[in-house]
Amino acid sequence: MMKVYIVEDDPIILESMKQNLMRWGLEVHTVIDFENVKKEFLDIEPHFVILDVTLPKFDGFYWCRQIRDISNVPIIFISSRDSQMDQIMGMNMGADYYIEKPVDMDILMARVNALLRRVYSYKDLEQPTVMEQEGLFLHIDTNVVSYENNKIDLTKNEFLILYTLMQNQTKIVSRDEIMRVLWEDESFVDDNTLTVNIVRLRKKLTEIGIHDRIQTKKGQGYILK
């Protein structure tokens, strides 16, 4: 059974999310000690996390960084903060989604189901464990990209973007196509979110010596050279 860990200090929102997630057959764990979120995360070993931004003691951004230091599990931010800067900050820290309060439970469940299908199903398909293009290696089982003697971990979104581009080597992949791969239903997607993920992926590739391989084709999409 898939396990979710919810870190939310509003008891009404927490209970609503808990009941909806349980109806979908998920094992739900909720925060007990807001000062020991990382320890609870390690004890529970959830398949994904729902994390409020505004919390007692330390905010959700802090706990997202703590979790990202030890795990690549999907993270969904929920928040009453609706500024674009907060959303970009959350995505830059490795969150997969950012949902504004009041939380629409239908949208939340659509996000959750898309994440579970994407993260825990695509690896079950028959496919090679390593993809290669011009010395760039993508390791399917570990979400690691390597080049020469350098390697770096990718988040789920970064991995799927690069995976999609490598599947379509030398072909232009549209933004809509990438968004369908990432979120399966682009009607819920903020176009800026994809841009943030592309920028983050390019930065990581640069860190291991891969420069300008993901090229933007204006009005068309992206291509991996």
- Task: With a point put 7 Å past each Cα toward its Cβ, work out how far Ser71 is from Ile172 in nm, to one decimal.
- Result: 4.1 nm
- Message: So if I average 1/r over every pair of distinct C-alpha atoms in the range 63-180 and take the inverse, what Kirkwood radius in Å does that give?
- Response: 15.9 Å
- Query: What full-extension length gain, to one decimal in nm, is calculated for Asn36 and Ile107 as 0.36 nm per residue of separation minus the Cα-Cα distance?
  - Reply: 22.7 nm
- Across 5 Å bins from the origin, how do the percents of Cα pairs in the range 3-122 run, short distances first? 2, 11, 25, 27, 22, 11, 2, 0
- In nm, to one decimal, how far is the Lys217 label point from the Phe137 one, both placed 7 Å along Cα→Cβ? 2.9 nm
- Query: Between Asn149 and Trp24, what length in nm is gained on full extension when 0.36 nm per residue of separation is reduced by their alpha carbon distance?
  - Reply: 40.6 nm
- Message: Could you tell me the relative contact order of the chain? Use alpha-carbon pairs under 8 Å, at least six residues apart, and round to a whole percent.
- Response: 13 percent
- Note on the structure: Residues Ser174, Ser71 in order from fewest to most other beta-carbon atoms within 10 Å are Ser174, Ser71
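In square nanometres and to one decimal, what's the mean projected area of the convex hull around the Cα atoms of the chain?
Across all orientations, the chain yields a mean hull projection of 12.5 nm².
Each value in this text was obtained by applying a stated rule to the coordinates, not by laboratory testing. Here the structure is a predicted model, which means the values were calculated and not measured. Glycine also receives a Cβ, built like all others from the backbone with ideal geometry; neighbour counts cover every protein chain displayed.
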